[in-house]
1. Which of the numbered conditions does residue 334 fail, given that it passes all the others? Conditions: (1) outside the structural domain of residue 252 (by TED's automatic domain parsing); (2) more than 18 Å from the chain's Cα centre (by Cα); (3) more than 24 Å from residue 265 (Cβ to Cβ); (4) not in a loop (DSSP other than H, G, I, E, B).
2. Which one of the conditions (1) assigned to a loop (DSSP other than H, G, I, E, B); (2) buried (at least 19 other Cβ atoms within 10 Å of the Cβ) does residue 147 fail to meet, given that it meets all the rest?
3. Please determine whether any residue of region 225-248 is assigned to a helix (DSSP H, G or I) and over 30 Å from the mean Cα position of the chain (by Cα).
4. Which one of 77, 10 is within 30 Å of residue 118 (Cβ to Cβ) and surrounded by fewer than 20 Cβ atoms within 10 Å (Cβ to Cβ)?
5. How about region 37-96: which strands (runs of 3 or more DSSP E) wholly inside it have at least 3 residues that are outside the structural domain of residue 264 (by TED's automatic domain parsing) and closer than 21 Å to residue 171 by Cα?
6. Six or more apart or on different chains, Cβ atoms under 6 Å: show the pairs whose first residue is in region 330-350 and under 12 Å from residue 290 (Cα atoms) and whose second is part of a helix (DSSP H, G or I).
7. Return the residue satisfying two criteria in turn: it lies in region 193-224 and is closer than 15 Å to residue 356 by Cα and part of a loop (DSSP other than H, G, I, E, B), and of such residues it is nearest to the chain's Cα centre (by Cα).
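The values are calculated or read from the model by the stated rules, or taken from the named source; none is laboratory data. This structure is a prediction, so every number in the text was calculated from the model and none was measured. Here Cβ is always computed from backbone atoms with ideal geometry, including for glycine, and neighbour counts include all displayed protein chains.
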């Protein structure tokens, strides 16, 4: 890598001079801003625009490849991204690496090399540090990879980029649908601007002002929920050729999708029978209850979890989509009620005693009829993205090695698009 990529580490801007707003300021790209494949600007810090010219060498360009050097890999995956035009302008901060192509290496091809499983394996093998796992620029430069001729690199990057573009379009559609459904929930059940609210009577209650006919009840009385368990790891038969999805928090944090089709590990029905793991039906709502508390997904088939979950079972009065958004909305409440010295956890007992707002069934049913089709469309798009990503990741090593014809694959991608 070091012989072909232009690799640079950011500048140690003084945190005491960071700005919190973008007024007359330029964004600072820190490790916290690097996600899995894209940059995220929530909680961004800024630097005075008048002083930016002094740091011209730290200014990023479109297509630059970015890698976090502190905690470069987390459960959700490798912390790398590439710079889009919408991310500019921004300045590179210390402990973040910028990679750019040279006369022998196309920058867009480099992006896919950095995002490939072999590079992730390399990063995991070189990461050091007990308190803050980290890598160095020298470690990055030592990575070896296949380097086709420049023209072929560009053709490969174009093919793989087409997959990325399709995935990105789907992500934007998913974000739009999710925002619509979440906004509808908040409009009706948080701001109480449901259909006909103008003519609805509101009353003062011990829980605040509520529409007449709405009430709070303990979660225990609203819907069923359960925990999970881990079958004995000593019994290898429990983990061989299993057919039952067994989710761990890592499955959800890696995926960060609304729906989960499959877990990384599966267990046998005998393992379920001989452990505290319990099978729950499709369309249940799984929520992590410890450590990374409040990650929520919906399972699409029968499943179990380990003990790091509270799984909520929808019913006719509390249907799936309504339940999902109630949980999502109340994550800060769950965190406030969590306890633990090593990591925060909300117990099932505490969870069950929390108040659950119960609107009239006809309003919930009306919401479900509007919001559930949005979730169904999200599921279709998420499955499409999983398929596209799997195909893209399989293509890169085969295209580089010459196992697959670049021209033939290019024609197939054009036909699919």
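1. Going through the list (1) outside the structural domain of residue 252 (by TED's automatic domain parsing); (2) more than 18 Å from the chain's Cα centre (by Cα); (3) more than 24 Å from residue 265 (Cβ to Cβ); (4) not in a loop (DSSP other than H, G, I, E, B), residue 334 breaks only (1).
2. (2)
3. Of region 225-248, the ones assigned to a helix (DSSP H, G or I) are 236-238.
Now narrow it down to the ones that are over 30 Å from the mean Cα position of the chain (by Cα): 236-237.
Yes: region 225-248 contains one or more residues that are assigned to a helix (DSSP H, G or I) and over 30 Å from the mean Cα position of the chain (by Cα).
4. Details: 10 fails: surrounded by fewer than 20 Cβ atoms within 10 Å (Cβ to Cβ).
Only one candidate qualifies: 77.
5. Details: elements: 45-48, 65-68, 80-82, 90-92.
Here the list reads 80-82.
6. Cβ pairs passing all conditions: 337/350; 346/334.
7. The residue in question is 223.
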